[in-house]
1. Going through segment 232-262 one residue at a time, which ones are hydrophobic (A, V, I, L, M, F, W, C) and in contact (Cβ under 8 Å) with a residue 40 or more places away in the chain?
2. Any idea how many residues of segment 93-103 are surrounded by 23 or more Cβ atoms within 10 Å (Cβ to Cβ) and either of a type outside the set (A, V, I, L, M) or under 22 Å from residue 138 (Cβ atoms) (or both)?
3. I'm trying to understand the selection: among the residues of segment 185-237, which are buried (at least 16 other Cβ atoms within 10 Å of the Cβ) and acidic (Asp, Glu)?
4. Within segment 310-336, which residues are open to solvent by 50 Å² or more (accessible area, probe 1.4 Å), modelled with pLDDT of 90 or more and closer than 19 Å to residue 121 by Cβ?
5. Sort through 303, 326 and tell me the only one that's hydroxyl-bearing (Ser, Thr, Tyr) and without any contact (Cβ under 8 Å) to a residue 40 or more places away in the chain.
6. Could you say which residue among 288, 307 is in a helix (DSSP H, G or I), open to solvent by 30 Å² or more (accessible area, probe 1.4 Å) and over 27 Å from residue 48 (Cβ atoms)?
7. Mind checking which residues of segment 264-280 are open to solvent by 10 Å² or more (accessible area, probe 1.4 Å) and either touching a Leu at 6+ places or on another chain (Cβ under 7 Å) or not in a helix (DSSP H, G or I) (or both)?
8. Output the qualifying pairs, or none if there are none: Cβ atoms under 7 angstrom, residues six or more apart or on different chains, first residue in segment 104-115 and within 15 Å of residue 324 (Cα to Cα) and open to solvent by less than 20 Å² (accessible area, probe 1.4 Å), second residue assigned to a loop (DSSP other than H, G, I, E, B) and basic (Lys, Arg).
Amino acid sequence: MSRPRLIKESSEASAPLERELLVRIHDLMVKTRVLEERLIQMYKQGHGYFWIGGPGEEAFNVSLGLLMKKGQGPEFDYLHAHYRQSGTLLALGEEPIGSLRQMKNTATDPYSGGRNFAGHYSARKLNVAPVSSPIEVQYAIAPGTAMVQKRHGGDGITIVTGGDAGTAEGDFASCLVWSSRPANPLPILIIVTNNKWGISTSAEGQHGEPRVSERGKAFGIRSKTINGNDAVEAYTELREAMAYVRTERKPFLLEANVSRLYGHSSASGANYVGTEVDCLKEFEAKLEKEGILTREQMDTLRSNYTEEMAAAARQVRDEPQPDPESIWKHIFAEDK
């Protein structure tokens, strides 16, 4: 009986990923998980008003960030994200202290100047559009940057992410319509991370289609459903989907089945759900079995990141809140 392989060796072109890449993915997954757990702890200690994030989506979100063409302007990838995207931002090179500052609503918050919820990223230098609290409005906005990229030329693409429950919103249907018009198909990767829940409502009984990706067929959109809890599958399938959008300049609908390890948000308690599949635990078991990393190495990595996040959280606690006089900053028309 042959053992499953994660590593791509020189004589094995069919094996999926290089050892160094697997280690990098794992590093970022651990970093993301520790960050999210620190954010939850900050909320429970009274150092934040609300938490929402993506524990359980690290395998998919980290892979997405690693595969994006990073930069500013239409020649690079645009990301219209929702509020579970911390792994993607870390993979793009953002420092975790920025997320801690947003949780604490400090004036040093690099994404909203202390004005928004946790996980509401905005980074012009990375083409990351501001995350909005009203669910799935990003699906209706994303075709705009894709239109710009279609006219601009090059291989930059637009990426939009959201949850399964939010696909009931009209914004999602609008995205499918505007992305797939035969006269002007758009270079957009439409992602649905399906954790089978909409706040407290189970997906069972809510969807007439067997898979959310089935909806793409009516619009002639190439579509696929994948296991987003498998780090290698997430990376390879994202790589393939993004290559299609880059070269064909047409839309792709990708549904990734993921987990929700700490519930919907602090509104539901933000407590660990042991019945969910943990993508990090599964990936670590495979890495250990393949001899890529030892248990000691992985435990040391988590310990180091835990200490790093704790130190950053202590620093953030002493940073100032926004000055009331700055109320007119960061709006559509800046004050003079």
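1. Step one: list which residues in segment 232-262 are hydrophobic (A, V, I, L, M, F, W, C), which gives 232, 234, 238, 241-243, 245, 252-254, 256, 258, 261.
Passing the criteria: 232, 234, 238, 241, 242, 245, 252, 253, 254, 256, 258, 261.
2. In the first step, residues of segment 93-103 are kept if they are surrounded by 23 or more Cβ atoms within 10 Å (Cβ to Cβ); the result is 99-103.
Then drop every residue that is not either of a type outside the set (A, V, I, L, M) or under 22 Å from residue 138 (Cβ atoms) (or both), which leaves 99, 101-103.
Total satisfying the criteria: 4.
3. 230, 233, 237
4. Across segment 310-336, there are no qualifying residues.
5. On the way: 326 fails: without any contact (Cβ under 8 Å) to a residue 40 or more places away in the chain.
Every option except 303 fails the conditions.
6. Testing whether each residue is in a helix (DSSP H, G or I), open to solvent by 30 Å² or more (accessible area, probe 1.4 Å) and over 27 Å from residue 48 (Cβ atoms) leaves just 288.
7. 264, 269, 271, 272, 273, 274, 275, 276, 277, 278, listed by residue number.
8. Qualifying pairs under 7 Å: 113/329.
The values are calculated or read from the model by the stated rules, or taken from the named source; none is laboratory data. Because the structure is a prediction, the values reported are computed rather than measured. We place every Cβ from the backbone using ideal geometry, glycine too, and count neighbours over all the protein chains shown. These area figures cover heavy atoms from the full protein model, side chains too; ligands, DNA and RNA do not enter into them. Shrake-Rupley method; radii C 1.70, N 1.55, O 1.52, S 1.80 Å.
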